[in-house]
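The values are calculated or read from the model by the stated rules, or taken from the named source; none is laboratory data. Computed from a predicted structure; not experimentally measured. Glycine also receives a Cβ, built like all others from the backbone with ideal geometry; neighbour counts cover every protein chain displayed. Just so you know, the surface numbers come from the protein's heavy atoms only, side chains and all, with ligands and any DNA or RNA stripped out. Shrake-Rupley method; radii C 1.70, N 1.55, O 1.52, S 1.80 Å.
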Amino acid sequence: MRICIIGTGYVGLCTGVGFADKGNKVTCVDVVSEKVDKINNGQAPIYEPGLGEKLMEALGNGSIRATTDLKEAIAETELCFISVPTPCKDDGSIELKYIRTVAESVGSVLKDLDRYYVVVVKSTVVPGTTEDVVLPLIEQASGKKVGDGFGLCMNPEFLREGYALNDFLNPDRIVIGEIEGRAGDVVREAYEGFENVPIMRTAIKTAEMIKYTANSLLATKISFSNEIGNICKRLGINVYDVMKGVGLDSRISGKFLRAGCGFGGSCFPKDVAAIVARARVAGIDPGLLQQVLDTNREQRGLMAEQLKARMPSLENRRVAILGLAFNPNTDDIRESPAIEIVGKLTKEGASVAAYDPRAMENMKKVFPDVEYAGDAKQALSGADACLIVTDWDEFKELSDEDFALMKGDVIIEGRKTLKPERVKKFEGICW
Ligand code: UDX
């Protein structure tokens with residue numbers, strides 16, 4: 001198939017490179033020309049494992065290109081996936097301005113297109129958005145009617161940052177929300193070559209809600225694990241042993257039960273807040289989902305609290321922060337617990353020495369005056385305390401010898417990372 005991807009963030013670019021890897025011809029569109037140039041030069045604007053290599057391969061065999069020209073991109077393709085940001089407004093509700101702009105632009109291009117074309121919303125949008133916002137904007141701008149001049153579908157993404165390309169190429173399921181089967185068939189064809197993957201065809205609003213429900217349930221599992229972790233710590237029980245036993249129940253699964261300093265990222269916090277806001281507009285007060293967010297916010301604060309319990313005054317103390325990204329294998333710091341932790345420590349007069357294998361450039365934009373170390377050892381050297389905030393694989397190899405570089409001996413893990421056989425003395429946020 002000839003596929004257009006609108007928006008080249010981690011969802012759009014990984015989806016585009018993934019479709020190209022599956023033998024499709026992909027045209028990526030972005031309004032930022034620097035991004036377009038980088039992609040065409042084989043430099044992925046974001047870091048994701050395997051993305052750079054696959055992008056180079058696709059450029060080499062001519063199966064992908066990027067452009068700022070939407071009209072040209074639609075003219076050479078059969079369907080487009082809209083994967084532009086849907087960030088959170090201050091009140092927690094979803095920001096649809098980018099979706100609206102793209103819907104109008106696509107509609108304007110479809111006006112002069114003399115063939116059936118399918119538009120697919122892949123961005124995470126609250127239920128009702130595709131049919132109540134995107135559809136009328138395309139019909140107005142194109143002068144065409146859905147089902148006649150164009151088709152409209154919703155195909156949510158389930159990609160984890162740091163594992164996005166892998167998750168696209170190995171999905172647990174493909175959900176296609178459709179108004180009419182003709183459009184759904186075109187999207188189904190785009191996913192040819194994804195063997196043994198359940199494909200669910202459903203209504204558009206259902207597809208939108210599946211995305212929010214999946215993310216809300218995953219976030220709930222995390223906040224649940226953190227609350228159980230806090231209880232276990234008081235009772236002297238290892239929550240990771242508890243969750244190992246609980247996760248053996250096939251109805252629960254052992255995944256997403258890792259207690260720690262809370263979830264970050266551009267999805268869980270935003271998506272749960274958006275569905276809470278949407279529920280309230282619909283007249284429902286989603287207390288459980290609101291508590292998931294509240295528990296997560298409290299959990300982040302625990303790291304600094306536990307440090308201060310061990311070191312009441314942080315004035316002029318050197319604190320090593322290992323890990324800034326919200327997830328390992330990514331450079332993304334959006335909603336990372338590290339932002340709140342570094343902010344709190346610097347406000348208390350601590351001198352922070354931060355290290356992260358990938359995310360330091362992004363964190364420098366937030367905290368330019370913090371020391372950024374070349375490696376973990378440099379951050380640890382002379383430090384009075386150390387907080388581990390991201391479970392990068394390289395931190396798993398740290399040993400007592402590395403921590404001996406510290407001046408103090410306070411080591412607190414926000415993610416279960418260190419190996420007890422390598423490091424004798426450390427404390428965990430919930431263990
Ligand atoms: C999430 C969903 O997993 C993905 O399906 C959806 O498409 C987008 O949102 P993402 O937020 O990118 O993906 O990464 P994920 O691996 O889910 O981690 C999110 C956060 O939760 C990270 O901060 C991670 O540290 C934290 N987490 C995850 C936990 O604290 N405990 C866990 O058990 C799992």
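With unit charges on the beta carbons (Lys and Arg positive, Asp and Glu negative) and the dipole taken about the Cα centre of the chain, which residue among ILE74, PRO171, GLY9 sits farthest to the positive side?
Of the candidates, PRO171 comes out farthest on the positive side.
How compact is the chain by the rule of thumb for globular proteins, expressed as Cα Rg over 2.2 N^0.38 Å? Mind showing how you got there, number by number?
Values: Rg = 23.2 Å, N = 431, 2.2 N^0.38 = 22.1 Å.
Computed over Cα atoms of the chain, the ratio equals 1.05.
In region 2-202, what percentage of the DSSP-assigned beta bridges are antiparallel, given to the nearest 5? Could the numbers behind the result be given before it?
On the way: 3 of 30 bridges.
The antiparallel proportion sits near 10 percent.
Under the rule that a partner needs its Cβ under 4.7 Å from the first Cβ, which Cys of the chain have none?
Isolated Cys, the chain: CYS14, CYS28, CYS88, CYS153, CYS232, CYS261, CYS267, CYS386, CYS430.
Considering only C-alpha atoms, what is the centroid distance from region 51-83 to region 120-173, in Å?
17
Mean Kyte-Doolittle hydropathy of 0.0 or higher plus an axial Cα length of 27 Å or more: which whole DSSP H helices in the chain meet both?
Numbers: long enough: 204-235 (47 Å, 0.08); 287-310 (34 Å, -0.76).
Passing helices, by number: 204-235.
Using only the Cα atoms of region 301-428, build the gyration tensor, take square roots of its eigenvalues as a ≥ b ≥ c, and label the shape rounded, prolate or oblate: rounded if a/c is under 1.5, else prolate if a/b is larger than b/c, else oblate.
Numbers: a/c = 1.44, a/b = 1.08, b/c = 1.33.
Rounded, since a/c falls under 1.5.
If you take every DSSP beta bridge whose two residues both sit in the chain, what share of them, in percent to the nearest 5, is antiparallel? Could you put the intermediate results ahead of the total?
Values: 3 of 47 bridges.
Beta bridges within the chain, antiparallel portion: roughly 5 percent.
Could you give the distance between the Cα centres of region 282-303 and region 390-431, to the whole Å?
A separation of 29 Å, based on Cα centres.
When Lys and Arg each count +1 and Asp and Glu each count -1, what net charge do the other residues less than 14 Å away from ARG280, Cβ to Cβ, add up to?
0
With every protein chain kept in place and ligands, DNA and RNA left out, what is the accessible area per residue of the chain? Probe 1.4 Å, answer in Å². Provide the component values of the computation, followed by the final result.
On the way: 18550 Å² over 431 residues.
So the chain comes to 43 Å² accessible per residue, rounded to a whole number.
Roughly how big is the chain's charge dipole about its Cα centre, with Cβ charges of +1 (Lys, Arg) and -1 (Asp, Glu), in debye to the nearest 20? Mind showing how you got there, number by number?
Working: 54 positive and 63 negative charges, 160 e Å.
The calculation lands at about 760 debye.
Take the alpha-carbon positions of region 212-299, form their convex hull, and give its projected area averaged over all directions (one quarter of the hull surface) in nm². Before the final figure, lay out each step's value.
Working: hull surface 23.7 nm².
Projected over every direction and averaged, the Cα hull of region 212-299 covers 5.9 nm².
Under a Cβ-only charge scheme (Lys and Arg +1, Asp and Glu -1), can you give me the dipole magnitude of region 212-299 about the Cα centre, in debye to the nearest 20?
On the way: 11 positive and 7 negative charges, 30 e Å.
Using only the charged Cβ atoms, the result is roughly 140 debye.
How much solvent-accessible surface does GLU298 expose, in Å² to the nearest 10, with a 1.4 Å probe and all protein chains in place?
120
When only Cα pairs under 8 Å and 6 or more residues apart are kept, what is the percent relative contact order across the chain? Don't skip to the answer; put the middle values down first.
Details: 876 pairs, mean separation 49.8, N = 431.
Reported as a whole number, the value is 12 percent.
How large is Rg over Rh for region 25-163, taking Rg from the Cα atoms and Rh as the Kirkwood inverse mean of 1/r across Cα pairs? Walk me through the intermediate numbers first.
Working: Rg = 15.8 Å, Rh = 16.1 Å.
Value, to two decimals: 0.98.
How much of the accessible area of the chain, in percent, comes from carbon and sulfur atoms when a 1.4 Å probe is used? Let's see the in-between values first.
Working: 9610 of 18550 Å².
Ligands and nucleic acids excluded, carbon and sulfur reach 52 percent.
Restricting to DSSP H runs of at least four residues, report the calculated mean residue ellipticity at 222 nm for the chain, -39500 (n - 2.57) per run over all residues, nearest 500 deg cm²/dmol.
Numbers: 17 runs with 183 residues, N = 431.
Per the formula, -13000 deg cm²/dmol.
What dipole magnitude, in Debye to the nearest 20, does region 2-202 give about its Cα centre under +1 on Lys/Arg Cβ and -1 on Asp/Glu Cβ?
Numbers: 21 positive and 31 negative charges, 36 e Å.
Using only the charged Cβ atoms, the result is roughly 180 debye.
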